[in-house]
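Taking it in order: structure first as structure tokens, then the write-up.
Bear in mind that the values in this text are calculations on the coordinates, not laboratory data. Please read these numbers as outputs of a predicted model, since none were measured by experiment. Every residue, glycine as well, gets a Cβ built from its backbone with ideal geometry; the counts of neighbours run over all protein chains shown.
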4 protein chains.
Amino acid sequence: MTGAGPSGAKPEDRLPRAERMVAFTDAAVAIALTLLVLPLVELVPEAVHANEPASSVVTHNLVAIGSFLLSFVVIARFWTVHHRLFGFSVRLTPGLVRLNLLWVLTIAVLPFPTEMISSFESDHFAPPFYLSVLLVCSATLSAMTIVMQRTAARDGDEDGVPESFVVGSLASTSTMVAALVVVLIFPDLGAWAFLVLIADPVFEPVIRRLRGDRKKPRGVSG
Amino acid sequence: MTGAGPSGAKPEDRLPRAERMVAFTDAAVAIALTLLVLPLVELVPEAVHANEPASSVVTHNLVAIGSFLLSFVVIARFWTVHHRLFGFSVRLTPGLVRLNLLWVLTIAVLPFPTEMISSFESDHFAPPFYLSVLLVCSATLSAMTIVMQRTAARDGDEDGVPESFVVGSLASTSTMVAALVVVLIFPDLGAWAFLVLIADPVFEPVIRRLRGDRKKPRGVSG
Amino acid sequence: MTGAGPSGAKPEDRLPRAERMVAFTDAAVAIALTLLVLPLVELVPEAVHANEPASSVVTHNLVAIGSFLLSFVVIARFWTVHHRLFGFSVRLTPGLVRLNLLWVLTIAVLPFPTEMISSFESDHFAPPFYLSVLLVCSATLSAMTIVMQRTAARDGDEDGVPESFVVGSLASTSTMVAALVVVLIFPDLGAWAFLVLIADPVFEPVIRRLRGDRKKPRGVSG
Amino acid sequence: MTGAGPSGAKPEDRLPRAERMVAFTDAAVAIALTLLVLPLVELVPEAVHANEPASSVVTHNLVAIGSFLLSFVVIARFWTVHHRLFGFSVRLTPGLVRLNLLWVLTIAVLPFPTEMISSFESDHFAPPFYLSVLLVCSATLSAMTIVMQRTAARDGDEDGVPESFVVGSLASTSTMVAALVVVLIFPDLGAWAFLVLIADPVFEPVIRRLRGDRKKPRGVSG
């Protein structure tokens, strides 16, 4: 049922198959995704108490609805990458489990900065705080990608994470750094700084060159 | 573990098996279904503060309870269709993953319009808003159905989505359009316009004729 | 992947394997179980605002904590039975899917009557309302048990639900009816009427006799 | 599909495979983990109403954020142990199912004492209450570990829980007892008493000696 590491691990050190950790992760991500709607639901009784029409729940809360959609897309996007990543060969290591739990933490906490960018308009703290959480999330995912690539290389597993996937992941993390730098230099940009995230493709060739010496056939001997 | 597409996809383009995406979807749907009860739970302390008897929590909130039941049935119904759809042969494509995440969004957001039809009686905005979310949900499911049918046809997979399933899905979406048109023309109908949804069987023969030239074989013999 | 019914079902009528429905059900039940704690969490800021010590959150809310524990045990107990039931051979039929969704509804709604018995002490409506939800939950589970037994018998499946399981399920439902009758006759009993549920073993021999003619070797030819 | 016990259990006593119980457990744990963020989300509108800047949501609520992180780490840590435990050979017994549900209860309830240590600073009740829940959680996990070890030994299963795992689990439980004793003797320590939990490694050799006569074979060679 479980594969002991190739280096003759003690039985108490071996780890179960990745499937359960992935299912657990998915449940947490699905919940974070679905909890995002709760602040929108709470806007409704407020409008009722203020004797406003139903349409004002939407028209007066465009920032809240936009924040909801943004965080939904962000989480869905991160999940898609995680989903593809764990489609490659995985052998759980204690470090990978810990990184994955840290990644779950960054997803689970996201409703908090989401509520901040939704409630505080033209504030200088909320956008960089939101981006910092995304950055930790992305960096953790990159770290998992590299750990998985190395573990597969060490195991001589041909089906490990390919280099192109690592490059894409590091490029995403670099974009987050860039967006964070931009919003820290120009705080008045606020959430508009998030548009820097679209610059994602810019970083891929840079990362590819920086890691150029690894572009050799992957997983051959590590 | 994963099947590379038949057209020789690059390793970084291949997608994992559908099971994980389905499990993730189910978790999100189950959460949306279960979160619907929270506004009902919050009615209880309100009645306590107003010194009303417990029975009034039910008798004074029939619209809220009805909205809860309606959305529960709607989500359960959509899940049943999704469940049957993914019982056919599935090969994940990036487009299918994106459509599925959009579908999850429409389910996850449903507690928001539910709270609106529950809190605003005789309002002209809430019912068409609720129906619009249902329409996007249904249209997305129809799009997934067609994408899966085409992917299976291209792969030469005999176990793909049968034409009758596509017709049923498009008929449901057409019914949603009809209900939305009715409530926009006769806004005073309010939630009663939802009764148009019962007209579902009316649209099946129309859709079948419109798509008549596709009613040929594929998967019918299975 | 899916087994078409033995009676040559049309492809669009066939249903996927039970595993996905079971996983979906489990997610909904796990959420209902975990949401029960939210009203307890909300007691804490109330005590802070009232300048009470932390211990009073517990000592002043014994009924709320008791209701939480009761509903947790109730849901856990129902889940255990569902878990054992679906350990037998299952073939999904549209009726079984519908019954299962109704069962999920009764579990998902339980936080609502739980909050009522927690907030309204010495009230004549909340206890029978709570018991009615349990009764529908139990009756639905019994109906699923019988449907699964019959489907297995019709399929000639030797591994179907055994008669003893059906008897146990009907006995539980009978106990719920008895508890509901008691609380309707003696409304002042309030939640104490729940103690009738302990009488469960009383009903097993009665049910067994009533169904005596079925105690023959099960699943032989139906 | 299910393995009847080796002692010729009646069909109605047999239990399904552990996978479903594990998945159910994971869903509940993932939800408890994700619900922890809700009190943080609710801090945001409070700051808005008080006309405070967004940064104050963080700077004025360091205890709440620390409690969130503490409970996240605690639940993630317990889940990791549960995950590794169920990586060993498991045969469900009614006692194991019951212990597991009790364990889920201690995890599901954790948001309640978390909110207490977050809201009541320098209070003598909240820290021991929080630690008591952790102690029951840890003791239940230890009991599951021992039950699984014994069941595997009785079944002659070589892949059962190894002794070293049992020792580690009992050492964790002992540390919880020590931390609880410390906070009861020195209540002014408050949450600082949690630092005793770091003393975990101190207890392993003691437990190992106490259980010394069991350190014989079983599963060690695997």
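For the reader, a short list of remarks on this structure follows.
- When residues of segment A:135-166 are limited to those that are touching a Pro at 6+ places or on another chain (Cβ under 9 Å) and closer than 21 Å to residue A:95 by Cα, the one farthest from the other protein chains (Cβ to nearest Cβ): A:154
- The set of residues in segment A:143-165 that are crowded, with 22+ Cβ neighbours inside 10 Å and within 15 Å of the chain's Cα centre (by Cα) comprises A:144, A:145.
- Residues being of a type in the set (Lys, Arg) and within 8 Å of chain D (Cβ to nearest Cβ) - total across segment C:20-47: 0
- Candidate set from segment C:60-96 (those that are among the charged types (D, E, K, R) and facing another protein chain (nearest Cβ under 10 Å)); member that is surrounded by the fewest Cβ atoms within 10 Å (Cβ to Cβ): C:77
- Index of the failed condition, residue C:107 passing every other in (1) within 14 Å of chain D (Cβ to nearest Cβ); (2) surrounded by fewer than 20 Cβ atoms within 10 Å (Cβ to Cβ); (3) within 30 Å of residue D:130 (Cβ to Cβ); (4) of a type in the set (Val, Ile, Thr): (2)
- Residue match in segment A:161-177 (condition: among the charged types (D, E, K, R), in contact with a helix residue (DSSP H, G or I) (Cβ under 8 Å, 6 or more places away or on another chain) and not in a helix (DSSP H, G or I)): no
- When residues of segment A:110-125 are limited to those that are in contact (Cβ under 8 Å) with a residue 60 or more places away in the chain and of a type in the set (S, T, N, Q), the one farthest from the other protein chains (Cβ to nearest Cβ): A:122
- Condition broken by residue C:57, with the remaining ones in (1) within 16 Å of the chain's Cα centre (by Cα); (2) at the interface with chain D (Cβ under 8 Å from one of its Cβ atoms); (3) of a type outside the set (Gly, Ala, Ser) satisfied: (1)
- So residue A:108, is it small (Gly, Ala, Ser) and closer than 29 Å to residue A:16 by Cβ: yes
- Selected residue [of a type in the set (Gly, Ala, Ser) and out of contact with any Pro (no Cβ under 9 Å at 6 or more places or on another chain)] from B:89, B:71: B:89
- Residue C:172 meets all of the listed conditions (1) in contact with a Ser or Thr (Cβ under 8 Å, 6 or more places away or on another chain); (2) of a type in the set (S, T, N, Q); (3) more than 25 Å from residue B:73 (Cα to Cα); (4) within 9 Å of another protein chain (Cβ to nearest Cβ) but one, namely (4).
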